């Protein structure tokens, strides 16, 4: 039987829904007003607001109150720039926390994506939590062909993998992505969200300037902290069909 989430978490989710319709700079009602609205103690409201602040959704200005924080511009789905460059373009500070860095056996999906033909293919596996202003945006599972084992000698928390690849004469050029949605599961603890929180999952393959597979990455983003902007062509209905 599923446990009922704590009261502050239910208030937090309600406020998240409201914030999604608000504009940057809009004032958030005072703790006392929210406590009266929800019929709870101010301490409970404060816990909900603390969670929203830690996620970068609101900011508290001493002597003025709490306000909706500017939401980052969506990333164009057809464009990929380094995470560090993207976060800096938002006016925020990027950082990473290394969870895993090793050479290991490739999964069947990784071996197929990277076109590894050895009898027992191996990959360089790098798992990092990616932050903007200390707010976790994503858990990133990246893998590379095993001949790039030297990547593990880099500062994987402060450095850029794409810049390191450029320095080695490998230029990420083209890529393709598959977008899905999944629950956070075990990544919830890393992302500071419940295990049943919906995540935006981007599975992508990037090739180098020689069209050789270079990177296979699964990035699991918290849905209300990261947006993708998609443009598309509209196909006309087939002759004789009713739309």
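The values are calculated or read from the model by the stated rules, or taken from the named source; none is laboratory data. Here the structure is a predicted model, which means the values were calculated and not measured. Quick reminder, even Gly has a Cβ in these numbers, built from the backbone with ideal geometry, and neighbours come from all protein chains shown.
Filter the range 93-115 down to residues that are surrounded by 18 or more Cβ atoms within 10 Å (Cβ to Cβ) and assigned to a loop (DSSP other than H, G, I, E, B), then give me how many there are.
The number of residues fulfilling the criteria is 2.
Going through 105, 138, 142 one at a time, which residue ends up being assigned by TED's automatic domain parsing to the domain that holds residue 186, modelled with pLDDT of 90 or more, under 15 Å from the mean Cα position of the chain (by Cα) and farther than 28 Å from residue 9 by Cβ?
142
Quick check: anything in the range 152-159 touching a helix residue (DSSP H, G or I) at 6+ places or on another chain (Cβ under 6 Å), free of Cβ contacts under 8 Å to residues at least 40 places away in the same chain and under 20 Å from residue 82 (Cα atoms)?
Scanning the range 152-159 turns up at least one residue that is touching a helix residue (DSSP H, G or I) at 6+ places or on another chain (Cβ under 6 Å), free of Cβ contacts under 8 Å to residues at least 40 places away in the same chain and under 20 Å from residue 82 (Cα atoms).
Given the structure, is residue 207 in the same structural domain as residue 94 (by TED's automatic domain parsing) and under 13 Å from the mean Cα position of the chain (by Cα)?
No, not satisfied.
Looking only at the range 183-200, count how many residues are free of Cβ contacts under 8 Å to residues at least 40 places away in the same chain, surrounded by 12 or more Cβ atoms within 10 Å (Cβ to Cβ) and in contact with a strand residue (DSSP E or B) (Cβ under 8 Å, 6 or more places away or on another chain).
7
Could you list, in sequence order, the residues of the range 105-149 that are under 21 Å from residue 160 (Cα atoms) and without any contact (Cβ under 8 Å) to a residue 12 or more places away in the chain?
Within the range 105-149, just 147 meets the criteria.
Taking the options 27, 51, 22, 2, name whichever one is modelled with pLDDT of 85 or more and not assigned by TED's automatic domain parsing to the domain that holds residue 196.
27
So for the range 61-68 (the condition being touching a helix residue (DSSP H, G or I) at 6+ places or on another chain (Cβ under 9 Å) and at pLDDT 85 or above), does at least one residue qualify?
yes
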